[in-house]
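The values are calculated or read from the model by the stated rules, or taken from the named source; none is laboratory data. Predicted model, so just to flag it, every value in this text is computed and none were measured. So basically every Cβ, Gly included, is an ideal-geometry build from the backbone, and we count neighbours across all protein chains shown.
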Amino acid sequence: MTTARKEIVDPQVTRLYHCISKCVRGGFLLGQGVENRKQWIEDRLQLLSQHFAVSVGGFAILDNHLHVLLRLDPHVAVQWTDQQVVRHWFAIYPPSCLDMNNERLVQQSVAKELANPLRVATLRQRLASLSWFMKALKEPISRLANQLDGCSGAFWQSRFKSIAILDEEALLATCVYIDLNPVAAGMALTPEGSPHTSVGQRVGHVRDQGQIEVLKAARQGSVAASQAAGDIEQDHWLIPIEDRRRQTNASTTSAREGLLPTFSLGSYLQLVEYTGQLYREGKARLSDGLQEVFDRLSTSAEVWQSRMKRLLGSVDLRGSFFAADRKKFREQVQQTGKRRANLHLYSVNPLPASG
């Protein structure tokens, strides 16, 4: 039985959600000569991340489906002025017949919206909504693709899947899983060589800044290079890997909220490469830096390998919640009152009792 979205999405439980949307009937409507549609989606993700109070932490666009890791930022929407709310909405849904380059006409349209406080409140709520973000992502792609194909009807399956991420290890596993999807699907040999993925975007952004050598040094464990690579991520549209807000360094006083505290981009790329090698070759060298990562997560390379093997080998992810920590798992069972089958716990050990 399908779980209602309102029972899954709750910022009080978690702000992080792994969303999966498939093309109708599993058709390869994003590949086979129409790969430019993947760029449409990537460009749309970047636009939406700038105007929604929802941030993008990762993505992978394949031939017949897409994965997106989203973080809800409702506190951001609360801080916007009413005029900012309307301006953000117009950037996503420009009013028909309005010349957005004519500032005088735009101001008039904004003023009309501001005259209706209830309407502004509704828009503020939508701009912080996971469902509205996915709607704003998928609908324009569907219309444009159908127009070019000269057809009508559904392009996407009507309902996207969302999995709530409940703890740090589950978040890290989800990030790596998303970035390795093209490798697992046989579409790319290496994670960094995967087009239309967040890992490709992150590396490409560093390369565009002429700092690829810094990134290489960061992946080798250089503390200075890791700091520099983190600085580069601060102006990228994706959520930075490292959450540096609590660091005392003066250069990080205005750091953006990242995904994982004290976990650098260099360390993340090491982990993605290590996991990709495990998947392709069945073995990989465990560096001292990665051993420290597993120690910090209170897990081991063996547990990580088993978990990622199950994830990457899954035809379809089940469940509505993902927890690697047993305590989090039990808490969510108690809070939701749902059967164990509606939760997701990847482990080499048996699942805990749900009672």
* Which numbered condition Arg307 misses (of (1) without any contact (Cβ under 8 Å) to a residue 12 or more places away in the chain; (2) basic (Lys, Arg); (3) surrounded by 16 or more Cβ atoms within 10 Å (Cβ to Cβ)) -> (1)
* Structure fact -> Scanning the range 79-91 residue by residue, those over 15 Å from Ser55 (Cβ atoms) and not hydroxyl-bearing (Ser, Thr, Tyr) turn out to be Asp82, Gln83, Gln84, Val85, Val86, Arg87, Trp89, Phe90, Ala91
* **Matching residues in the range 153-185 - criterion: being part of a strand (DSSP E or B) and within 18 Å of the chain's Cα centre (by Cα)** => Lys161, Ser162, Ile163, Ala164, Ile165
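Per-residue answers, yes or no, for (1) closer than 19 Å to Ile163 by Cα; (2) crowded, with 20+ Cβ neighbours inside 10 Å; (3) hydroxyl-bearing (Ser, Thr, Tyr); (4) touching a residue at least 40 places away in the same chain (Cβ under 8 Å):
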| position | (1), (2), (3), (4) |
| --- | --- |
| Thr14 | yes, yes, yes, yes |
| His18 | yes, yes, no, yes |
| Cys23 | yes, yes, no, yes |
| Val34 | no, no, no, yes |
| Asp43 | no, no, no, no |
| His51 | no, no, no, yes |
| Gly57 | yes, yes, no, yes |
* To do: Hey, can you tell me all the residues within the range 208-226 that are closer than 19 Å to Gln247 by Cα and outside any loop (DSSP other than H, G, I, E, B)?
  => Ala218, Val223, Ala224, Ala225, Ser226
* **Test for Asp235: is it farther than 24 Å from Ala170 by Cβ and in a loop (DSSP other than H, G, I, E, B)** => yes
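For every residue, the table says whether it meets (1) more than 20 Å from the chain's Cα centre (by Cα); (2) at pLDDT below 75; (3) surrounded by fewer than 18 Cβ atoms within 10 Å (Cβ to Cβ).
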site: Gly276; (1), (2), (3): no, no, no
site: Leu297; (1), (2), (3): yes, no, no
site: Glu302; (1), (2), (3): yes, no, yes
site: Arg318; (1), (2), (3): no, no, yes
site: Leu345; (1), (2), (3): no, yes, no
* Structure fact -> Residue pairs qualifying under the 8 Å Cβ cut-off, at least six apart or on distinct chains, with the first in the range 103-124 being more than 20 Å from Val76 (Cβ to Cβ) and the second being of a type in the set (Phe, Trp, Tyr) and surrounded by 15 or more Cβ atoms within 10 Å (Cβ to Cβ), are Val106/Phe90; Ser109/Phe90
* Exactly one of (1) surrounded by fewer than 24 Cβ atoms within 10 Å (Cβ to Cβ); (2) farther than 18 Å from His18 by Cβ; (3) touching a residue at least 12 places away in the same chain (Cβ under 8 Å) is unmet by Ala229. Its number? -> (1)
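Got a sec? Which helices (runs of 4 or more DSSP H) wholly within the range 29-106 have at least 3 residues that are within 19 Å of the chain's Cα centre (by Cα) and over 15 Å from Leu137 (Cβ atoms)?
The helices (runs of 4 or more DSSP H) meeting that bar are 74-79.
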* Asked: Does the range 124-134 include one or more residues that are at pLDDT 95 or above and in contact with a His (Cβ under 7 Å, 6 or more places away or on another chain)?
  -> yes
